[in-house]
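Novice: Questions regarding the structure given below will be posed in turn.
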Amino acid sequence: MKQAVLHAPLDLKVEDNDVPRLETGDVLLRVESALVCGTDIRIYEGRKKRNVTYPTVMGHEFSATVADAAGPLPNGISLGDLVCVYPLLPCGSCVACTRNHPNICRNRVAFGYQLPGGFSQFVRVPAAAVRAGNVVPVGGVSAGAAAIVEPLACAYNGQRLASAHGAPVMLVSGCGPLGLMHIRLAKQLGVQRIVAIDPIAARRAAADASGADLTLAPGEDTAAQVLEWTGGAGVDVLVMAVGRTDALHPYLGILAPGARVSVFAGFSGEGTALEIPANDIHYNEWTVVGASSCRLEDFQEVAALVRTGALQVDDLVGTQVPIDDVVDAIELAASGRDMRVGVAPWA
């Protein structure tokens, strides 16, 4: 089988390796679609090394068909079914796990990090992950739609932590693929009005098509325009869907009393600081929350939304690049010129 193996930063080779052998309880998946996350880009470039072991096979956003099993399959799953895979396997006993934060488990292993991920023709799901429910059926959707469940679930986690459900006004700062996912999820969660901000006209058009009520380019008067649009009430939930400090700082003055800020996107490099006046937080009772990956229940709920068609996501899947050209896929994803770029293992 073909695998894209990362031996060190910038040292990514497509290799022919044996199909994984199964041990009792394992499941073998035939990868159908694997999407390139911003985290994959940072791992490839060496800007992210935490939890990464070399050599590694990246790809934690993927869909697959069930090819084989060394034992009974979970209820509701049969050979040949299309599934998506929750990428985390938490330890269950660390302080994060025991306080109901398994997605930030300090001892977790994950597909695409310590476990070989989706930039491969086949993936072995170890028995512990099978028992935990990491293999999730998605029914008759496209392979790309099934693969995009993971980033959607991360967005869902961020909105849940920011108490977005039913909010009067949400501002989504950054309208790349994940920003668009936030807009669509916000509609599902009953957010009343959404403003989306991005410097690229094509992305603003995509945000409009995704359900944003107002789309704007960032500029000196953008915050004032948003405030006027809200009738002076301000923004109740701000989602930083891009890892830049200017996704937040220009809009601090238009946050409503009791507003929530979701620091959703990852930032490159150490020492990046968000500066928020302490008294503004104190007197306005603002809440600033992080969001890292997602919980299994988030993943399962979003998979159901995709499976039933409540969330339409096929148009968020961009160019699918053959696995032999995996570096081209990463570079295209890094350019920001496309939607969710993918690696096609069988093309």
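The values are calculated or read from the model by the stated rules, or taken from the named source; none is laboratory data. These numbers come from a predicted model, not from an experiment. Glycine also receives a Cβ, built like all others from the backbone with ideal geometry; neighbour counts cover every protein chain displayed. The area values use the complete protein model at the heavy-atom level, side chains included, leaving out ligands, DNA and RNA. Shrake-Rupley method; radii C 1.70, N 1.55, O 1.52, S 1.80 Å.
Novice: May I have the extent of the alpha carbons of region 248-287 along their three principal axes, as whole Å values ordered from largest to smallest?
Specialist: Principal extents (largest minus smallest coordinate, Cα): 31, 17, 16 Å.
Novice: Here is a further query. Which order do R307, R244, R50, R131 take by accessible area at a 1.4 Å probe, largest first? Don't skip to the answer; put the middle values down first.
Specialist: Values: R307 105, R244 130, R50 155, R131 185 Å².
My answer, sorted largest first, is R131, R50, R244, R307.
Novice: Right, next: Checking the a/c ratio against 1.5 first, then a/b against b/c, what shape does the Cα gyration tensor give for region 142-234? Each step should come with its number before you reach the end.
Specialist: Details: a/c = 2.37, a/b = 1.42, b/c = 1.68.
It is oblate, given that a/c is not under 1.5 and a/b is not larger than b/c.
Novice: Below 27 Å Cα-Cα, how many Lys pairs turn up in the chain? Only count pairs eight or more apart in sequence, or on different chains, if you could. Let's see the in-between values first.
Specialist: Numbers: K2/K13; K2/K48; K2/K49; K13/K48; K13/K49.
Lysine pairs, 8 or more places apart or on different chains, close enough: 5.
Novice: Under a 5 Å amide H to amide H cut-off, with H placed in plane at 1.01 Å, what residues pair with D81 once short-range neighbours are removed?
Specialist: The list, which skips near neighbours in sequence, is V66.
Novice: Counting every Cα pair in region 56-121, what percent are over 18 Å apart? Provide the component values of the computation, followed by the final result.
Specialist: Details: 1091 of 2145 pairs.
Of all Cα-Cα pairs in region 56-121, 51 percent lie more than 18 Å apart.
Novice: Heavy atoms only, probe 1.4 angstrom, no DNA, RNA or ligands counted: give me L82, L6 ranked by accessible area, highest first. Spell out each step's value before the answer.
Specialist: Values: L82 25, L6 0 Å².
Heavy-atom accessible area, descending, gives L82, L6.
Novice: Same structure, new question: Could you pull out every residue, at least 5 positions away or on a different chain, whose amide H is within less than 5 Å of the one on A259? Hs are placed 1.01 Å off N in the peptide plane, and Pro or chain starts have none.
Specialist: When sequence neighbours closer than 5 places are left aside, the close amide H contacts are T287.
Novice: If you don't mind, another one. Counting only heavy atoms of protein chains, what accessible area per residue, in Å², does region 1-141 have with a probe of 1.4 Å?
Specialist: It amounts to 43 Å² per residue over region 1-141.
Novice: Here is a further query. Once neighbouring chains are kept in place and the probe is 1.4 Å, which whole percent of the accessible area of the chain is contributed by carbon and sulfur? Mind showing how you got there, number by number?
Specialist: Values: 7150 of 14520 Å².
Carbon and sulfur: 49 percent of the exposed surface of the chain.
Novice: Then there's this: What accessible surface, in Å², does a 1.4 Å probe find on K187, ignoring ligands, DNA and RNA and rounding to the nearest 10?
Specialist: 80
Novice: Sticking with this one: Compute the semi-axes of the equivalent ellipsoid of the chain, taking the square root of 5 times each eigenvalue of the Cα gyration tensor, and list them largest first in whole Å.
Specialist: On the way: eigenvalues 246, 83, 76 Å².
They are 35, 20, 19 Å, listed largest first.
Novice: In Å², and per residue, what accessible area does region 229-347 have when probed at 1.4 Å with the other protein chains present? Spell out each step's value before the answer.
Specialist: Numbers: 5480 Å² over 119 residues.
In whole numbers, region 229-347 has 46 Å² accessible per residue.
Novice: Then there is this: What value does region 185-280 have for Rg/Rh, both radii from Cα atoms and Rh as Kirkwood defines it?
Specialist: Details: Rg = 13.5 Å, Rh = 14.3 Å.
Result for region 185-280 is an Rg/Rh of 0.95.
Novice: Taking a 1.4 Å probe, which of S93, S78 shows the most accessible area, and what order do the others take after it? Intermediate results must be reported in sequence, preceding the final value.
Specialist: Values: S93 90, S78 65 Å².
Largest accessible area first, the list is S93, S78.
Novice: Tell me the accessible surface of V36 in square angstrom (1.4 angstrom probe, heavy atoms of protein chains only), to the nearest ten.
Specialist: 10
Novice: Okay, next question. In debye, nearest 20, what is the charge dipole magnitude of the chain about its Cα centre with +1 on Lys and Arg Cβ and -1 on Asp and Glu Cβ, if you could check? Working shown, then result.
Specialist: Details: 26 positive and 35 negative charges, 157 e Å.
Once rounded to the nearest 20, the dipole reads 760 debye.
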